[in-house]
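Shown next, in structure tokens, is the structure this report addresses.
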Amino acid sequence: MIWSTLKLWFHKLGSPPIFSVFARRVAPWLWAAFFACTLYGVYLALYVAPPDYQQSDSARILYIHVPAAWQAMLAYVIMAVLAAIALIWRIRTAEIMAMAAAPIGAALTLICLVTGSLWGKPMWGTWWEWDARLTSMLVLLFIYVGIMALYAAYDDPRKGARVASVLVIAGLVNLPIIHFSVEWWTTLHQGQTIRIFGESKMDPSMIPPLIWTTLGTKFLFGAALLDRARNLLLAQDQHKAWVRRELAPALDDRKQPA
Amino acid sequence: MTRTRKRRMMIVLLILTGMSVATAVAITAMQSNVMFFVSPTNVAEQELAPDRKFRLGGLVADGTVVQSGDSLDVQFDVTDGNHNVTVVYTGILPDLFREGQGVIAHGYLRNGRFEAYEVLARHDETYMPPEVQRALEEAGHPAAGGESKPAYGADA
């Protein structure tokens, strides 16, 4: 019963008009949740959390850096699942969503790299070093950009999405490299602080802001993904009847004299 | 699942497996090249050619930092617990540099001393407020302020 309901829901969302309505209704809530979580998290990070014993206030950049890094990697996993669905079942909405995820992941990776670099200069004494963690994260950015470029290189978006999806699957190997780079090799980047299994190396008083800003990046990704995918669908189907129906209220508003 | 879909799924899995195997082979082959630094034990065990540039990583040994009064010259020992290497450096040290702190020095080994032209601080993964660190120190906890990662050990 639950399985068949889920299956029906899955098939329904595969239809562009239904997906468009779903995204239009859900995305604003996700944006609101993103702003609420992030604002509260940043407030906790700047005013409530204590400074670090060695780095003092510089450590606070981690409340942006770490959630961005986590979400940059989670975004890739989600994109890879969507790409696999796109390759195996040829569902157009999955193709569009996978391709819509790439620029968001790229932006999160860039945020991670920039905040890390800003922190590295005063703490390590360098903006950039070619150690395994930093390099593998830069490779992630290049893979994201490569996916975007490959998708854009084809006139037929469906063909482009399928070719780029193969690159998405191939690039998946970079994720374990990023994660384990600080364990497999000696690196300038420190080891893992937060552990799901076992004891985290962070004082409990510093954890709450991290939880809120991390939740914020999840909502940010969801909101941006739905909006981007819907816009791509509307743009590609602009001459189809469902788009006219979907956008009719907005178009009617525009016709009215100011 | 239809036959075509099964075939496509096999292709997806094949790409994934192929990439994983290729990457695993490449990573294993490049293992030592990807290492960012070597430990004093590595230096002691291997006959490293003089004038070969490399990075030396470890902890600043307690009581070994000698700073010159009228210049930026500084000398200190880098240790991994088993071996020490004396490092000489001229320049400004990063904020986190102190005794017991992880550092990475980039330079050459000459006449038994490591002549560094760049010294980076290495931060460990421990984050805690100053009060907690003070409390740990008062309790005589050895982990307070020190490196907890075994990466500086002989096997690093």
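The values are calculated or read from the model by the stated rules, or taken from the named source; none is laboratory data. Worth saying up front: this structure is predicted, and the values here are computed from it rather than measured. Heads up, the Cβs are rebuilt from the backbone with ideal geometry, glycines too, and the neighbour counts pull from every protein chain shown. SASA here: full protein model, heavy atoms, side chains in, ligands and nucleic acids out. Shrake-Rupley method; radii C 1.70, N 1.55, O 1.52, S 1.80 Å.
Summary table
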{"quantity": "Pairwise FRET efficiency - B:Arg5 versus A:Leu118, Cβ, R0 = 41 Å, nearest 0.05", "calculated": "0.30"}
{"quantity": "Over region A:106-169: Kirkwood hydrodynamic radius from C-alpha pairwise inverse distances, Å", "calculated": "13.2"}
{"quantity": "Contour minus Cα-Cα distance for A:Ala32 and A:Ala149 (0.36 nm per residue)", "calculated": "39.0 nm"}
{"quantity": "For chain B, built as a Gaussian network whose Cα springs stay under 10 Å, the top-fluctuating residue of B:Ile15, B:Ile92, B:Ile104", "calculated": "B:Ile15"}
{"quantity": "Rough spin-label spacing in nm, given labels placed 7 Å along Cα→Cβ, for A:Lys12 and A:Leu39", "calculated": "3.3"}
{"quantity": "Cα-centred dipole magnitude for the protein assembly as shown, charges only on beta-carbon of K, R (+1) and D, E (-1), debye, nearest 20", "calculated": "3480"}
{"quantity": "All-pairs alpha carbon distance profile, the protein assembly as shown, 10 Å steps from 0, percent", "calculated": "4, 18, 25, 22, 16, 10, 5, 2, 0"}
{"quantity": "Buried accessible area, chains B and A (both chains, 1.4 Å probe, Å² to nearest 100)", "calculated": "3900"}
{"quantity": "Value of [θ]222 nm, deg cm²/dmol, for chain A, DSSP H segments ≥ 4, -39500 (n - 2.57) each, nearest 500", "calculated": "-26000 deg cm²/dmol"}
{"quantity": "Entries in A:Lys7/A:Lys240; A:Lys7/A:Lys201; A:Lys12/A:Lys159; A:Lys121/A:Lys201 that, when Cα-Cα distance is taken, lie over 32 Å", "calculated": "A:Lys7/A:Lys201"}
{"quantity": "Distance (nanometres) between label positions extended 7 Å along Cα→Cβ at A:Ile207 and B:Thr28", "calculated": "3.9"}
{"quantity": "Residue-normalised accessible area of chain B, given per residue in Å² at a 1.4 Å probe", "calculated": "55"}
{"quantity": "Among beta bridges that DSSP assigns inside the protein assembly as shown, antiparallel share in %, nearest 5", "calculated": "80"}
{"quantity": "Cut-off of 10 Å, at most 15 other beta carbons, DSSP loop: longest stretch of chain B lacking such GluC sites (Glu not before Pro)", "calculated": "B:100-156"}
{"quantity": "Mean Kyte hydropathy of -0.5 or more with a Cα span along the axis of at least 24 Å, helices from DSSP in chain A", "calculated": "A:16-43, A:62-89, A:92-123, A:132-153, A:207-236"}
{"quantity": "Accessible-area value, A:Trp89, 1.4 Å probe, nucleic acids and ligands omitted, Å²", "calculated": "90"}
{"quantity": "Shape of region B:35-138, Cα gyration tensor, a/c cut at 1.5", "calculated": "prolate"}
{"quantity": "Extension reserve of the B:Asn82-B:Glu115 stretch, reckoned as 0.36 nm per residue once the Cα distance is removed", "calculated": "9.8 nm"}
{"quantity": "Within chain B, helix-based [θ] at 222 nm, where runs of 4 or more DSSP H residues each add -39,500 (n - 2.57), nearest 500", "calculated": "-9000 deg cm²/dmol"}
{"quantity": "Whole-number D in µm²/s for region A:24-90 (Stokes-Einstein; Kirkwood sum over Cα pairs; 37 °C, 0.692 mPa s)", "calculated": "223"}
{"quantity": "Whole-angstrom gap from region B:51-118 to region A:1-66, using each part's C-alpha centre", "calculated": "45"}
{"quantity": "Within 10 Å of each Cβ in B:104-116, the average number of Cβ atoms from other chains", "calculated": "1"}
{"quantity": "Extent along principal axes [Cα atoms of region A:61-234; Å; largest to smallest]", "calculated": "49, 32, 28"}
